[in-house]
Amino acid sequence: MQIEMSRRKFLQGTVAMSIVGGSAVSATNLLAKDDKVEKKLTFTTKTGEAKELKLVPTLCEMCVNKCAAIARMEDGVVTKLDPNPMFPKSKNMLCPRGNAGIQALYDPDRLKYPLVRIGEKGDGKYKRVTWDEAYEAILNGTDRFKGLAAILEEEEDNRSTIGYCAGEGMAEHTYKVFMQDKLGSSNFVNHASICLQTTVSGYALTIGGYGQADLENANYVIMAGANRAEAIVTPDTMDLFKRTKGRGAKLIVVDPRFTNTASHADKWLPIEVGTDLAFVLALTYVAIEENIYNKKFVELNFNGFEEYKEHILTSKYTPEWAEKITGIRASDIRQVARDFMAAAPRAIYYQGRRTAWSKQDFQLRRAQAIFSAMGGGIDREGGIIFGKKLPLGKHNINTPMYDNAQERIDKKAAAIIGGSGSWIGWRNTILEEKAAYPVRSMFVYKQNPMLSIPNTAKTKQLFEKMDLVVVIDTMPSDTAMMADVILPECTYLEREDPVKSFGSAQPAIALRQKVIDPMYDTKPVIEIIRGLAEKVSRPLFEITKKFDSEVQDAIKERGEESVYKEDGFDLADAFRHSQEEINKHMVVEKYGEEAYKTLLKEGVYYPNMDKFWKQISNNEFQWYPKKERFYSVVEGEFKSDVFHDTCVDEKEIAVLKKEFKTPSGKVECVLPNLAKRGVSPMPSWDDTQFTQIPEGKFKFITGRHAQFTQNSSSNNVMLLELMPENYLWINKRVAESKGIKFGDNVEVKSKVGQITIKAYPTEKIGPNNLFFIHGFGADSDGLTFAKGNGAADNHIIEDIIEPVFGSAAMHETIVEVRKV
C-alpha cells in the first residue's frame, strides 16, 4: 500500500473535512445496521470507489484526550478517520494528530515481530523469534542476559526486584494488573511524576480533586504556563478561544514566552521562570486586603482560612514584593486580582496540564486552588467542576500474596511517595545504590524513558545496569533499543481496549473497537500478557514454594493445586477472557444488553442518549440539555438564612455548604500533617528553593506542540510534514550579541549533557531564557523519519525533583549557549 499526502492536502482534505463534512452525520445514519454502508453517504470524503466500505467507531490514541473517531475501511484498508459526533468529550472534532493515526498503523518502521537481543545492549542487534521463544527468553534468559527465573531464585522470591513503568493509555491498567497484582512487584513508576502528579495532588489535598476547568462557560481565565492554543488543540481548547478577544471570556496569559495562546489573550504578563507562586500569593493578598473575595462561600466552605489570611498578610506578600521577584508590575497584579474576583464564580485560575516547573510547584498548585476557591468558583458552572462519572461493572482479580516481596525503594526520595513513585528518585536510588535490595529487571510498556526522563545519560545507565529489560511497544524507540526482549503491541486501530467511562458535566462511556485485524505478528497487550503469564506462572510458583513460608504452610494445609488456583498464583487467570468479553460484562452488568448494543453501534453510550442527543446545525450538537448536566455534584446543605432577595446573584452560590472530598469536607487552607514531613502546611514562598540565573547563562524551559504527543509520534511522517524539527528560541538581542542568526547551529550545554540545535532568534522570549519543544532528537536507528531530527530536551535537563511528591522539576536547569 502506498499513501502519498502533501501538507496542504492533509490539512484541507482531512482537518477541514473532519469538522465540516464529518458533522453532517445523522444519529440514525452514523453507522449502518450491518458492516456494509450504502453508497450514498452524507459524510463521504471521496477516498475511492471501494467494493466493500465499512465504518467502525473507535477512540483516538494520538494523545491523552481520547476523541471519538469513525474509521473508514475500503476493501480492508483504513483510508480515513472522521470525528464521531456522538461523544460529548470530543464534540465532533478530530485534530491533525488524530487524522494522522492512520500513519501509526501503516508506519513502515513499526515493530512487526517479537525480537530477542543478540548483540551488546543498546547496539540494536536483534533476531526475530516466535512469541513462545520470546516468552522463553524472558523466563530463562539467553547467553546474553538472565531471565526472571534466575533473578527471582537469586533474590529469594522478592518480587519487587522487578521494576516496571508505563505511559498513559487505556490498557495501562491491564498491564499494571499483571505486574503489580499478579506478578507482585511494588516498584511501579508511571508517567505521573513527569506529568501531573504534583498538580493533581495539590488540588486534591486542597479542594478534594483536580477537577476540570469549565472553559466553555468561564468569563475570566488566568492561564499560566499553559499554551493551549498550540500545545493541545482539543474541544475544550476551542471552547475557550472562540470566546476570547471581546466575545465573552477574558483571558490573561502568564508566560515567559509570547506564545500563540498569549496572542489570543486580553493581556500577556511575561514572568520570570519559577516565580509563579509569588504571583499567586500576591493575588491572594490583594483579594484579602481589599476584601473582595466571596466571604459567604469562604465562611461556609473553608477550613483554616483565618490562619491562612493572617499568614498572607503578615508575610507581606504584596504586589510590590511580587513585582521584584516575578517581573510583573504591581499594578497589573492588583488589576488581575480585582477582575478575577469581580468575574467569580465564573473565573478560573487554570490548573495546568503538565509536570512540575520548579521546586515550589506543589505550593503553587495549592495556592492556585485556594485563590480560585476564594471566588466561589468550585463545583459550579464556569469554574472548576468535578462532574459525574458513569459507573461500570466490576472485573475481579484474584491477587496472590507474596510474603517476600518488599516495599518500593524510593520512599525517601521525597516527602510523600505514592504508588506511582518518583521516576527520577526511583532511578537515582538504584544508580546510587541506596536501595534496600537490588532492582534487577525492568518492564516497560508504552513509555520511552530514554527521551522522557530528565538526564538521559543516567536513564541509559539504569537500563545497562539491569539483568533483564523487556519492552512492549509499537515502535522501535530509543528505549526499545535498550531492551533484551521486545514484544510488539499492535496499534490502537488493531485492538479493542478496556471500555472507559469519561467523567464530566456531560459524562459518557466510550469504546475503542478494533478496526482492522493486527498486522504482522503483533498482539494487543492483554494477549501479550496472557501468553507471558501462561509461560512463567508455574515456574515462578516453584520459586515461591521454595522461599515463601506462608505459601509452604498453606500447601501443607490445603494442597499445592488448591493454593495455586484459589490463592491467585495462576498468573493467567485474570486474562483468559477476551477484552471484548470483559467489556461486554462491565457494560451489561450496569446498563443492560441494549446499552451494550448502542455502544457497539455508536461507539458511545450514556443514559437517555436517544432522547438527549440532537444535531442543531452543521457542526453543532447537543449531548445533554443544559438542565441535565452535572456542573455541581458535591453534596451540600441549603442555607436559606443568607438570602436577602428571592432573585439570587450568581455569587450567592455560597448558600450551599459543600462537602468536599477533603479531611474536613472543606477547602483546606492549612495541612498540619505536612509539617511533620518538613513541608510548609500553607503555601509559602521560599527563597532557598528559587534558582537564580548566573551572569551569562540562561534558565532552560521546555514545552509541547499540538501535532506531537511527547516523543511517541516523532516518526509520523504526516505530522513531520507540519513540523519537521524543533528550533531553539533565543532572545533576538542576545542572539545578535553572540553572532547567532536564524538557522545557525548552536550548542546548548548543562551540567548533565549537551545538544546541538538550530537557532530561532525572536523577541517573543526574554533575555534570561532558552526554549525548545519536547519530542524530537530520537537516536534509534529503527526510526527512519525521526532519527536526528532536532534535539532532545532531556539530554540537558537536570534531574531535579520537586521535594514534596518527587515530580521532575523541568524548569530548574541552567544552561549556556554558543554558536558552532
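Readers should treat all values here as calculations from the given coordinates under stated rules, not as data from a laboratory. Everything numeric here is computed off the predicted structure, so don't read it as measured data. Because the Cβ atoms are built from the backbone with ideal geometry, glycine has one as well, and the counts that use them run over all protein chains shown.
Averaging over every viewing direction, what projected area does the convex hull of the Cα atoms of region 496-647 cover, in nm²?
On the way: hull surface 72.7 nm².
About 18.2 nm², averaged over all directions.
I'd like to know how region 545-590 sits against the 2.2 N^0.38 Å rule of thumb: what's its Cα Rg over that expected value?
Working: Rg = 15.5 Å, N = 46, 2.2 N^0.38 = 9.4 Å.
For region 545-590, the normalised Cα radius of gyration is 1.64.
What list do you get for GLU320, GLU61, GLU763 if you sort them by fewest beta carbons within 10 Å?
Numbers: GLU320 13, GLU61 27, GLU763 10.
The most exposed by this proxy come first: GLU763, GLU320, GLU61.
For the chain, what D do you get in µm² per second when you plug the Kirkwood radius from alpha-carbon pairs into Stokes-Einstein at 37 °C and 0.692 mPa s? The partial results should precede the final answer.
Values: Rh = 28.2 Å.
Calculated translational D: 117 µm²/s.
When DSSP assigns beta bridges and you keep just the ones with both residues in the chain, what percent turn out antiparallel, to the nearest 5?
Antiparallel: roughly 50 percent of the beta bridges in the chain.
Note the direction-averaged projected area, equal to a quarter of the hull surface, for the Cα convex hull of region 550-622, in nm². Could the numbers behind the result be given before it?
Working: hull surface 31.7 nm².
One quarter of the hull surface, i.e. the mean projection, equals 7.9 nm².
Rank by packing, highest mean first: peptides 587-599, 190-202, 173-185, with packing defined as the count of other Cβ atoms within 10 Å averaged across residues.
Details: 587-599: 17.0, 190-202: 24.5, 173-185: 21.4.
The peptides rank, most packed first, as 190-202, 173-185, 587-599.
What percentages, rounded to whole numbers, describe P(r) for region 397-465 computed over all alpha carbon pairs with 10 Å bin width beginning at zero?
17, 48, 29, 6
Fewest Cβ neighbours within 10 Å first, please rank THR662, THR284 accordingly. Before the final figure, lay out the partial values.
Values: THR662 17, THR284 24.
Lowest count first: THR662, THR284.
For a protection proxy built on the mean count of beta-carbon atoms within 10 angstrom, sort 799-809, 391-401, 503-513 highest first, please. Walk me through the numbers before you get to the answer.
Working: 799-809: 26.2, 391-401: 14.1, 503-513: 23.2.
Answer by packing, highest mean first, reads 799-809, 503-513, 391-401.
Which whole-number percent gives the relative contact order of region 691-819, counting Cα pairs below 8 Å spaced six or more residues apart? Kindly include the intermediate steps, with their values, before the conclusion.
Numbers: 277 pairs, mean separation 45.7, N = 129.
Relative contact order of region 691-819: 35 percent.
Please report the relative contact order for the chain, taking Cα pairs under 8 Å with a sequence separation of at least 6, and give it as a percent rounded to a whole number. Could you put the intermediate results ahead of the total?
On the way: 1815 pairs, mean separation 151.5, N = 820.
About 18 percent, as a whole number.
Let me spell out the model: positive unit charges on the Cβ of Lys and Arg, negative unit charges on the Cβ of Asp and Glu, origin at the Cα centre of the chain. What dipole size does that give, in debye rounded to 20?
Numbers: 109 positive and 112 negative charges, 498 e Å.
The calculated dipole for the chain is roughly 2400 debye.
Taking the Cα atoms of region 478-530, what is the range of coordinates along each of the three principal axes, in descending order and whole Å?
Its Cα atoms span 45, 24, 21 Å along the three principal axes.
What is the diffusion coefficient of region 691-819 in µm²/s, taking the Kirkwood radius over Cα pairs and the Stokes-Einstein relation at 20 °C with a viscosity of 1.002 mPa s? Intermediate values should be presented prior to the final figure.
Values: Rh = 15.2 Å.
Diffusion coefficient, whole number: 141 µm²/s.
For the chain, what is the calculated [θ] at 222 nm in deg cm²/dmol (nearest 500), taking -39500 (n - 2.57) for each run of four or more DSSP H residues and dividing by its residue count?
It comes out at -8000 deg cm²/dmol, rounded to the nearest 500.
Please go through the residue pairs LYS182/LYS458; LYS699/LYS819; LYS738/LYS787 and name each one whose alpha carbons sit more than 23 Å apart in this structure. Don't skip to the answer; put the middle values down first.
Working: LYS182/LYS458 30 Å; LYS699/LYS819 18 Å; LYS738/LYS787 29 Å.
As for pairs spanning more than 23 Å Cα to Cα, those are LYS182/LYS458; LYS738/LYS787.
Quick one: Debye curve from the C-alpha atoms of region 719-790, no solvent, what's log10 I(q)/I(0) at q = 0.16 Å⁻¹?
Debye output, listed in q order: -0.60.
When only DSSP loop residues count, what trypsin sites (Lys or Arg not before Pro) in region 277-383 have their Cβ near at most 11 other Cβ atoms within 10 Å?
Details: sites: LYS295, LYS296, LYS309, LYS316, LYS324, ARG329, ARG334, ARG338, ARG346, ARG353, ARG354, LYS359, ARG365, ARG366, ARG380; in loops: LYS316, ARG329, ARG346, ARG353, ARG354, LYS359, ARG380.
Filter output for region 277-383: LYS316.
With viscosity set to 1.567 mPa s and temperature to 4 °C, compute the Stokes-Einstein D of region 426-474, Rh being the Kirkwood radius across alpha carbon pairs; µm²/s, no decimals. All intermediate terms of the calculation are to be shown ahead of the outcome.
Numbers: Rh = 11.4 Å.
The diffusion coefficient I find is 114 µm²/s.
Express as a percent, rounded to the nearest 5, the fraction of DSSP beta bridges in region 691-819 (both residues included) that run antiparallel.
Details: 14 of 24 bridges.
Antiparallel bridges: around 60 percent, rounded to the nearest 5.
Could you give the spread of the C-alpha atoms of region 290-342 along their three principal axes, from largest to smallest, in whole angstroms?
36, 25, 14
What percent of all Cα-Cα pairs in region 330-462 falls into each 5 Å bin, going from 0 up to the bin containing the maximum distance?
For region 330-462, the pair-distance distribution reads 2, 7, 11, 13, 13, 11, 11, 12, 10, 6, 3, 1, 0.
On each of the three principal axes of the Cα atoms of region 757-820, give max minus min coordinate, whole Å, ordered largest first.
40, 32, 20
Where does each of SER578, SER452, SER549 land when they are ranked from fewest to most other beta-carbon atoms within 10 angstrom?
On the way: SER578 14, SER452 27, SER549 9.
Fewest to most other Cβ atoms nearby, the residues stand as SER549, SER578, SER452.
If each Cα of region 86-233 is one equal point scatterer, what is log10 of I(q)/I(0) from the Debye formula at q = 0.11, 0.16, 0.17, 0.20 Å⁻¹?
For the requested q values the scattering log ratios are -0.76, -1.19, -1.25, -1.45.
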